[in-house]
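Nothing in this text is a laboratory measurement; each read-out follows from the coordinates by a stated rule. All values derive from a computational prediction rather than experimental measurement. Every residue, glycine among them, receives a Cβ derived from its backbone with ideal geometry; neighbour counts consider all protein chains shown.
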Amino acid sequence: MSEERFKGVGDSLEISLERIEGILTGDYGISRRSIGLLLLQEDEEIAALVKFREPENYKLILEIINHTKEHYHEPLSYIISLRRQEEANDILSRALQYQPAIGLSFKEKLSRIMINPLTGIPILLVILYYGIYKFVGKFGAGVLVDFIEKNIFEKSVNPWITQMFVSFIPWQWLRELFVGEYGMITLGVRYAVALIFPIVTTFFIAFAIIEDTGYLPRLALLIDRVFKKIGLTGRAVIPMVLGLGCSTMATMVTRTLPTKRERIIATILLALAIPCSAQLGVILSLLHGTSKGLWIWAGVVSSVFLLIGFLSSKILPGDSPSFYMEIPPLRLPKLFNVFIKTYSRVKWYFAEIFPMFILASIIIWIGQLTGVFVILTRVLEYPVRWIGLPDKAAIAFLFGFFRRDYGAGGLYDIKKAGLFSTNQLVIACVTLTLFLPCIAQFLMNVKERGWKTGVAISVFILFFSFFVGFLLNSVFGILGVNL
């Protein structure tokens, strides 16, 4: 197509839309203008339909679309949304009369306080402290986990189940599938019910309350400026916060991000530096009692998040992202809404996690019988020693590949056995947080980003996590840190 066909003074988007309308010949049941707008927004279904019905015309339309993109820095879907908003505002201005505002309501004042960095950041820290650290970390991962594990499993369930299997199954190799160090019941069910269930429940309660108040969109606006430095926008706060619940689900939600570049950056950060609620809860429980260790863990993981995001934004091609979001009104959370959201999420999460824990126990049992796990554990012992941890920690990292929280649970047992110093515990928590995504998240990465990108992300994370652990161990040694 010659350049002359695009020349002329006026609105490039409107000119392109008129040209597409003139080229289309088929009957699609809606106006040609609507079809043209959907084509400019790169609607996959409409594009496939037009390509099938009008293959020759589609080639011409594709040229028009590509040429139109050159006139704008933002995606055409964003430009069209702005035009629609302008048109809607114009209609409202002609149809409505506004009374002079007497003053801002309390909710509006509070909303603006939440968005302003000077006041919004302290509010965010308060929410994180009481909502995540106190409620999820101390109450969920501390009080509830201790009660269920010590009073129910250690005193009653595990001894009774072990005695029953010893009485009825004479073969030790078969008994170990159900009871013992890695048994389905004594390890798999205990981890799922005693460790993970109370943690994810308290997290989803906190998340449902925050979500129902309308705070999340305001948080998106608050961190938009920071996120733009790492190639994302405030819109990415949704998958990032969901990643604190389940990174697999959050990776799927990255589909809502408008560009491929943003989706890749978000996937990398979710796989690397966003712990799921179960892992986060166990880590908070592990670091309970060492506030310095907790701050070091949080500081290192946050620094890695920002550094890798910044480097990714510089390496991956693409323009700086744009951002717009509808802000709903603030309101007090409704108890029924919080209950329904928490129930549905816990039900979904537990339905997914429980079979995975049983499956992991079976795989570990098979690995122990065949000797495969012994080999893998010995291989992992080398990088584990490299970062200054005892050999026993290699098992926790191996568990972490099946599920992140499973690995954190392994560290929990090692700490109970008294095999960690405080320095080693902090290093282990940092390294495991940055360690490989679990199998479910790895498969979701591959599904969403493709084999090459999914595998490349995991290989990078494997080496980078131990590298950070090595650096942290070296810094502790050089500075003489003794937590």
* Asked: Using the Karplus equation 6.51 cos²θ - 1.76 cosθ + 1.60 (θ = phi - 60°), what ³J(HN,Hα) coupling, rounded to whole Hz, does each residue of segment 445-461 give in order, writing x for Gly and Pro?
  -> 4, 5, 5, 7, 10, x, 4, 4, 5, x, 5, 4, 4, 5, 5, 4, 5
* Structure fact -> In whole angstrom, the spacing between the Cα centers of segment 152-195 and segment 437-464 equals 33 Å
* To do: Determine the relative contact order of the chain: mean sequence separation of Cα pairs under 8 Å and six or more apart, normalised by residue count, in whole percent.
  => 15 percent
* Within 10 Å, count the other beta carbons around each residue, average over each peptide in 136-145, 300-309, and list them highest first. => 136-145, 300-309
* Mind scanning Lys138/Lys292; Lys229/Lys260; Lys134/Lys292; Lys69/Lys452 and naming the pairs with a C-alpha gap bigger than 20 Å? => Lys69/Lys452
* Arranged from highest to lowest average of other beta-carbon atoms within 10 Å per residue, in what order do the peptides 432-439, 68-75, 16-23 appear? -> 432-439, 16-23, 68-75
* **segment 183-228, Rg to Rh (Cα coordinates; Rh as Kirkwood inverse mean 1/r)** => 1.30
* For segment 74-142 versus segment 358-427, the gap between their alpha-carbon centres in whole angstrom -> 44 Å
